[in-house]
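Structure first, then comments.
The values are calculated or read from the model by the stated rules, or taken from the named source; none is laboratory data. Just so it is clear, the structure is predicted and the values come from calculations on it, not from any experiment. Reconstructed Cβ throughout: ideal geometry from the backbone, glycine too, with neighbour counts over all protein chains shown. Side chains included, ligands, DNA and RNA excluded: accessible areas come from the protein's heavy atoms. Shrake-Rupley method; radii C 1.70, N 1.55, O 1.52, S 1.80 Å.
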Amino acid sequence: MPTARRVEKMHRVLKNRQPDLTIVCENIHDPHNVSAILRTCDSVGISKINLLYTTTKFPKLGKKSSASAKKWIETERFNNHLELKETLKKQAITIYATRVVEHNSKSIYEVDWTKPSAIILGNEHLGVSEDAVAIADHDIYIPMFGMLESLNVSVAAAVILYEACRQRIQKNNYPNPSINEELLTATLHQWKEK
(Lines give C-alpha, C1' and ligand atoms only; values in the text may rest on other atoms or scores of the structure.)
Protein backbone atom coordinates (compact mmCIF):
# COMPACT_ATOMS: atom_id res chain seq x y z
CA MET A 1 0.00 0.00 0.00
CA PRO A 2 1.49 3.39 -0.97
CA THR A 3 2.11 6.03 1.69
CA ALA A 4 -0.17 9.05 2.03
CA ARG A 5 2.60 11.19 0.55
CA ARG A 6 2.85 8.89 -2.49
CA VAL A 7 -0.94 8.96 -2.98
CA GLU A 8 -0.90 12.77 -2.80
CA LYS A 9 1.80 12.83 -5.51
CA MET A 10 -0.23 10.46 -7.69
CA HIS A 11 -3.28 12.70 -7.29
CA ARG A 12 -1.26 15.81 -8.22
CA VAL A 13 0.20 14.06 -11.29
CA LEU A 14 -3.27 12.95 -12.43
CA LYS A 15 -4.63 16.51 -12.03
CA ASN A 16 -1.94 17.66 -14.47
CA ARG A 17 -2.68 15.03 -17.14
CA GLN A 18 -3.38 16.31 -20.64
CA PRO A 19 -5.64 13.65 -22.21
CA ASP A 20 -6.04 15.60 -25.45
CA LEU A 21 -2.28 15.62 -26.19
CA THR A 22 -0.66 12.42 -27.42
CA ILE A 23 2.25 10.92 -29.30
CA VAL A 24 2.25 8.29 -32.03
CA CYS A 25 5.43 6.21 -32.21
CA GLU A 26 5.57 4.84 -35.75
CA ASN A 27 7.96 1.88 -36.14
CA ILE A 28 10.54 3.33 -33.73
CA HIS A 29 12.83 0.36 -33.17
CA ASP A 30 15.42 1.49 -30.60
CA PRO A 31 14.12 0.74 -27.08
CA HIS A 32 16.19 3.61 -25.66
CA ASN A 33 14.39 6.08 -27.94
CA VAL A 34 10.96 4.71 -27.03
CA SER A 35 11.86 4.81 -23.33
CA ALA A 36 13.10 8.40 -23.58
CA ILE A 37 9.88 9.39 -25.35
CA LEU A 38 7.85 7.76 -22.58
CA ARG A 39 9.80 9.69 -19.94
CA THR A 40 9.14 12.97 -21.73
CA CYS A 41 5.45 12.11 -22.15
CA ASP A 42 5.15 11.46 -18.43
CA SER A 43 6.96 14.70 -17.59
CA VAL A 44 4.51 16.88 -19.58
CA GLY A 45 1.40 15.04 -18.42
CA ILE A 46 0.56 12.83 -21.38
CA SER A 47 -1.62 9.99 -20.16
CA LYS A 48 -1.65 7.78 -23.26
CA ILE A 49 0.53 7.15 -26.30
CA ASN A 50 -0.21 5.30 -29.52
CA LEU A 51 2.15 2.64 -30.83
CA LEU A 52 1.87 2.24 -34.61
CA TYR A 53 3.97 -0.73 -35.66
CA THR A 54 3.43 -1.87 -39.25
CA THR A 55 6.92 -2.93 -40.37
CA THR A 56 8.84 -3.63 -37.14
CA LYS A 57 8.11 -5.22 -33.77
CA PHE A 58 7.61 -3.05 -30.73
CA PRO A 59 10.95 -3.10 -28.86
CA LYS A 60 11.35 -4.70 -25.46
CA LEU A 61 11.70 -1.92 -22.90
CA GLY A 62 13.86 -2.23 -19.83
CA LYS A 63 12.82 -0.71 -16.51
CA LYS A 64 16.05 1.27 -16.20
CA SER A 65 15.90 3.05 -19.53
CA SER A 66 12.26 4.08 -19.20
CA ALA A 67 12.63 4.90 -15.50
CA SER A 68 9.34 3.02 -15.13
CA ALA A 69 7.48 5.70 -17.12
CA LYS A 70 5.69 2.91 -19.00
CA LYS A 71 4.05 2.01 -15.69
CA TRP A 72 2.22 5.36 -15.57
CA ILE A 73 1.35 5.86 -19.24
CA GLU A 74 -1.35 3.93 -21.05
CA THR A 75 -0.44 2.57 -24.48
CA GLU A 76 -2.64 1.60 -27.39
CA ARG A 77 -1.21 -0.49 -30.21
CA PHE A 78 -2.12 -0.24 -33.87
CA ASN A 79 -0.89 -2.08 -36.96
CA ASN A 80 -2.99 -0.06 -39.38
CA HIS A 81 -2.75 3.67 -40.18
CA LEU A 82 -6.44 4.09 -41.02
CA GLU A 83 -7.54 2.45 -37.76
CA LEU A 84 -5.29 4.86 -35.85
CA LYS A 85 -6.71 7.83 -37.76
CA GLU A 86 -10.28 6.72 -37.06
CA THR A 87 -9.54 6.35 -33.33
CA LEU A 88 -7.94 9.81 -33.09
CA LYS A 89 -10.64 11.52 -35.15
CA LYS A 90 -13.36 10.11 -32.84
CA GLN A 91 -11.64 12.19 -30.14
CA ALA A 92 -11.56 15.31 -32.39
CA ILE A 93 -7.75 15.25 -32.39
CA THR A 94 -5.70 17.03 -35.06
CA ILE A 95 -2.89 14.81 -36.36
CA TYR A 96 0.58 16.25 -37.03
CA ALA A 97 3.33 14.37 -38.87
CA THR A 98 6.91 15.37 -38.08
CA ARG A 99 8.98 16.00 -41.19
CA VAL A 100 12.13 17.62 -42.42
CA VAL A 101 11.06 21.03 -43.80
CA GLU A 102 8.61 20.58 -46.65
CA HIS A 103 6.87 23.25 -48.71
CA ASN A 104 3.59 23.01 -46.78
CA SER A 105 5.03 22.20 -43.36
CA LYS A 106 4.37 24.37 -40.31
CA SER A 107 7.02 25.20 -37.75
CA ILE A 108 6.20 23.72 -34.35
CA TYR A 109 6.05 27.32 -33.13
CA GLU A 110 3.15 28.09 -35.51
CA VAL A 111 0.91 25.38 -34.08
CA ASP A 112 -1.65 26.00 -31.33
CA TRP A 113 -0.75 23.08 -29.07
CA THR A 114 -3.50 23.96 -26.59
CA LYS A 115 -5.94 22.24 -28.95
CA PRO A 116 -6.34 18.43 -29.07
CA SER A 117 -3.24 17.15 -30.87
CA ALA A 118 -1.45 13.93 -31.84
CA ILE A 119 2.18 14.07 -32.98
CA ILE A 120 3.48 11.28 -35.22
CA LEU A 121 7.17 10.50 -34.72
CA GLY A 122 8.77 8.21 -37.28
CA ASN A 123 11.40 5.53 -37.54
CA GLU A 124 14.98 6.56 -36.74
CA HIS A 125 16.25 5.89 -40.27
CA LEU A 126 13.21 6.34 -42.50
CA GLY A 127 11.27 9.02 -40.67
CA VAL A 128 7.49 9.21 -40.84
CA SER A 129 6.11 6.94 -43.56
CA GLU A 130 4.05 8.18 -46.50
CA ASP A 131 1.08 6.25 -45.06
CA ALA A 132 1.39 8.26 -41.84
CA VAL A 133 1.72 11.53 -43.77
CA ALA A 134 -1.47 10.59 -45.62
CA ILE A 135 -3.49 10.38 -42.38
CA ALA A 136 -2.05 13.60 -40.94
CA ASP A 137 -3.87 16.92 -41.06
CA HIS A 138 -0.59 18.88 -41.13
CA ASP A 139 3.14 18.34 -41.50
CA ILE A 140 5.33 20.03 -38.89
CA TYR A 141 9.04 20.63 -38.50
CA ILE A 142 11.49 21.81 -35.87
CA PRO A 143 13.51 24.78 -37.15
CA MET A 144 17.16 23.77 -37.60
CA PHE A 145 20.05 26.18 -38.10
CA GLY A 146 23.02 23.84 -38.37
CA MET A 147 24.38 21.49 -41.01
CA LEU A 148 22.22 18.55 -39.91
CA GLU A 149 18.58 18.31 -40.99
CA SER A 150 17.08 16.44 -38.06
CA LEU A 151 17.31 15.58 -34.37
CA ASN A 152 17.27 12.19 -32.70
CA VAL A 153 13.61 11.10 -32.50
CA SER A 154 13.51 11.20 -28.70
CA VAL A 155 15.07 14.67 -28.65
CA ALA A 156 12.57 15.84 -31.28
CA ALA A 157 9.74 14.51 -29.11
CA ALA A 158 11.05 16.48 -26.12
CA VAL A 159 11.41 19.72 -28.10
CA ILE A 160 7.88 19.51 -29.51
CA LEU A 161 6.25 18.38 -26.27
CA TYR A 162 7.88 21.11 -24.22
CA GLU A 163 6.64 23.72 -26.70
CA ALA A 164 3.15 22.23 -26.23
CA CYS A 165 3.69 22.27 -22.46
CA ARG A 166 4.84 25.92 -22.54
CA GLN A 167 1.70 26.93 -24.43
CA ARG A 168 -0.54 24.94 -22.10
CA ILE A 169 1.11 26.48 -19.03
CA GLN A 170 0.36 29.93 -20.45
CA LYS A 171 -3.28 28.87 -20.87
CA ASN A 172 -3.41 27.61 -17.26
CA ASN A 173 -3.84 23.96 -18.23
CA TYR A 174 -1.68 22.78 -15.31
CA PRO A 175 -3.50 21.60 -13.29
CA ASN A 176 -5.97 20.68 -15.99
CA PRO A 177 -9.25 22.53 -15.28
CA SER A 178 -11.29 20.10 -17.41
CA ILE A 179 -10.00 16.88 -15.87
CA ASN A 180 -12.72 14.27 -15.38
CA GLU A 181 -12.85 13.72 -11.60
CA GLU A 182 -14.55 10.33 -11.94
CA LEU A 183 -11.81 9.11 -14.28
CA LEU A 184 -9.15 10.62 -12.00
CA THR A 185 -10.52 8.69 -9.01
CA ALA A 186 -10.67 5.43 -10.98
CA THR A 187 -7.11 5.88 -12.28
CA LEU A 188 -5.85 6.77 -8.81
CA HIS A 189 -7.33 3.52 -7.51
CA GLN A 190 -5.55 1.57 -10.28
CA TRP A 191 -2.26 3.35 -9.56
CA LYS A 192 -2.46 2.48 -5.86
CA GLU A 193 -2.49 -1.19 -6.88
CA LYS A 194 0.75 -0.91 -8.94
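Candidates are the residues of the range 32-49 that are of a type outside the set (V, I, T) and closer than 20 Å to Q190 by Cβ; the one that is surrounded by the fewest Cβ atoms within 10 Å (Cβ to Cβ) is K48.
Looking at the range 9-38, which of its residues are more than 10 Å from the chain's Cα centre (by Cα), part of a helix (DSSP H, G or I) and either modelled with pLDDT of 95 or more or closer than 17 Å to N173 by Cα (or both)? Listed by number, the residues that qualify are K9, M10, H11, R12, V13, L14, K15. Among the residues of the range 118-127, just one is open to solvent by less than 20 Å² (accessible area, probe 1.4 Å) and not in a strand (DSSP E or B), namely G122. Within the range 128-172, being part of a strand (DSSP E or B) and in contact with a helix residue (DSSP H, G or I) (Cβ under 9 Å, 6 or more places away or on another chain) holds for D139, I140, Y141. Pairing residues of the range 116-129 that are closer than 18 Å to E102 by Cα with residues that are among the basic types (K, R) and buried (at least 19 other Cβ atoms within 10 Å of the Cβ), at Cβ distances under 8 Å and at least 6 apart in sequence or on separate chains, gives G127/R99; V128/R99. For first residues located in the range 156-174 and of a type in the set (V, I, T), partners that are buried (at least 20 other Cβ atoms within 10 Å of the Cβ) and assigned to a helix (DSSP H, G or I) and lie 6+ apart or on another chain with Cβ distances below 7 Å form the pairs I160/I108. Just give me the residues in the range 173-193 being part of a loop (DSSP other than H, G, I, E, B) and surrounded by 12 or more Cβ atoms within 10 Å (Cβ to Cβ), in sequence order. Within the range 173-193, N173, Y174, P175, N176, I179, N180 meet the criteria. Checked against (1) open to solvent by 10 Å² or more (accessible area, probe 1.4 Å); (2) in a loop (DSSP other than H, G, I, E, B); (3) within 24 Å of M144 (Cα to Cα); (4) modelled with pLDDT of 95 or more, K115 meets all criteria but (3). Residues of the range 90-100 include at least one that is modelled with pLDDT under 95 and in contact with a helix residue (DSSP H, G or I) (Cβ under 9 Å, 6 or more places away or on another chain). Scanning the range 50-64 for residues that are touching a Lys or Arg at 6+ places or on another chain (Cβ under 9 Å) and either surrounded by 13 or more Cβ atoms within 10 Å (Cβ to Cβ) or modelled with pLDDT of 95 or more (or both) yields N50, L51, L52, Y53, F58, L61.
Taken residue by residue, the range 67-80 has no member that is out of contact with any helix residue (DSSP H, G or I) (no Cβ under 6 Å at 6 or more places or on another chain), surrounded by 13 or more Cβ atoms within 10 Å (Cβ to Cβ) and under 14 Å from I160 (Cβ atoms). For T185, the criteria (1) farther than 27 Å from V13 by Cβ; (2) among the β-branched types (V, I, T); (3) more than 20 Å from the chain's Cα centre (by Cα) hold in every case but one, which is (1).
Within the range 92-105, the set of residues being open to solvent by 70 Å² or more (accessible area, probe 1.4 Å) and under 15 Å from the mean Cα position of the chain (by Cα) is empty.
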